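Okay, structure first, notes after.
The values are calculated or read from the model by the stated rules, or taken from the named source; none is laboratory data. Quantities reported herein were computed from a predicted structural model and do not represent experimental measurements. No Cβ is skipped: glycine too gets one built from the backbone with ideal geometry, and neighbour counts run over all protein chains shown.
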Amino acid sequence: MSLRQRLRRLKTNKMWRVCKLVFGIAVILLFMLACWSISYFITPYLMTWAGWSLTDYWAFVMVCIVALLLLSAVIGIFLPLARNKHLVFYLSIVDAVKQISRGDFDVKITPQEDFEEEFGALVESINHMAGELGQMEKMRQEFISNVSHEIQSPLTSIRGFARVLQNRELSEDERHHYLQIIEMETMRLSKLSDNLLKLTSLESDHHLIEPVLFRLDSQIRKLILVSEPQWSTKELDIDLNLAKVDIVADEDMFSQVWVNLIHNAIKFTPDKGLIRINMKASDHEVEVVVQDSGIGIEADYVPHVFERFFKADSSRNRAQGGNGLGLSIVQKIVQLHQGTIDVESTRGVGTTFTLKLPLRTTNVGELVVRNPTTK
């Protein structure tokens, strides 16, 4: 709901409450008038029946007393009804909170106009909280399921090949081959554990960023050279167009960012393909674009690439040791540095990651980027 709609709704509710208040006061006055009128007509009969002979003043007092008694009787009849309605709604809020405390987040309190002013904000907050907790619980269950699946797969392989190795008739080459598979699966488990720890640390409120001054373009060039065995084996062309940019940020974190993006580009680009990395700096931000001519991603999968454990091609990822956490780590690191990262991809054409970092020259510890050519 937009701010204008909320303001319009609040204005309408306020007018409605004012109308209800005026109507309520009018009803009470009518009841008082009715009770006094009834008392005015029946009091003389009561005094005649009781044999009382009163002066005009005391007769007036007697009329008022009877009127108050009648009004009290009316209030005694209708007040419990209103109180019960109020109590029922209050208890529905209490029950909803108890359900949430027991882990049942499929709770929605139906707002009532009669109690909008008194409980409206509370009801809306509880409904919102239940929805958010339900979403978090769903994410938690999916996370546990994904972790269990990722762990179970290599464990099954290790157990199976360990049994095969117990066969004494295996040749030395076969034994070496199975041992290599077991080693690869244990590396997968180790990488999964390491990535989970990294992601948990990044998502915690206590993760410390250690900013240092370094050349961003030099870091990327260095990591491209480190990855040369991977891209040279596939005969990939690497096109670098990097502006000279100094940055004050966590160097180790950004090393993880480039390693993930570069290795993904290499992994999913066919032999003799192209990987292009461009970096430019403007007055407000630095932009790094990592583009490949790889297999691409289906359009339906593109919005989910930064989700934990997401794999657009699970069979290919598993064969190459991926666990679907790399891009989640990349996104979190970029967000911690107040940046953004976007992805565009076309199946069979390639994928482009665009990373933007704001240019800041303010407080120590904040992100600072500058182009040394403009010094």
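Numbers for the structure displayed
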item	result
Matching residues, segment 278-303, being among the hydrophobic types (A, V, I, L, M, F, W, C) and more than 19 Å from THR340 (Cα to Cα)	ILE295, ILE297, ALA299
ASN241 being within 23 Å of LYS332 (Cα to Cα), part of a strand (DSSP E or B), assigned by TED's automatic domain parsing to the domain that holds LEU357 and modelled with pLDDT of 90 or more	no
Some residue of segment 202-215 being closer than 22 Å to PHE268 by Cβ, buried (at least 17 other Cβ atoms within 10 Å of the Cβ) and under 28 Å from the mean Cα position of the chain (by Cα)	no
Any hit, segment 200-222, residues being among the small types (Gly, Ala, Ser) and under 24 Å from SER345 (Cα atoms)	no
Sole exception among (1) in a helix (DSSP H, G or I); (2) more than 25 Å from LEU336 (Cα to Cα); (3) free of Cβ contacts under 8 Å to residues at least 40 places away in the same chain for TRP258, by number	(2)
Residue in segment 220-228 that is surrounded by fewer than 13 Cβ atoms within 10 Å (Cβ to Cβ), closer than 20 Å to ILE266 by Cα and not hydrophobic (A, V, I, L, M, F, W, C) present	yes
Among the residues listed as ALA26, ALA73, the single one being in a helix (DSSP H, G or I), under 59 Å from the mean Cα position of the chain (by Cα) and modelled with pLDDT of 80 or more	ALA26
THR186 surrounded by 13 or more Cβ atoms within 10 Å (Cβ to Cβ), polar (S, T, N, Q) and outside the structural domain of VAL330 (by TED's automatic domain parsing)	yes
Condition check for LYS198: assigned to a helix (DSSP H, G or I), surrounded by 19 or more Cβ atoms within 10 Å (Cβ to Cβ) and either of a type in the set (Val, Ile, Thr) or in contact (Cβ under 8 Å) with a residue 60 or more places away in the chain (or both)	yes
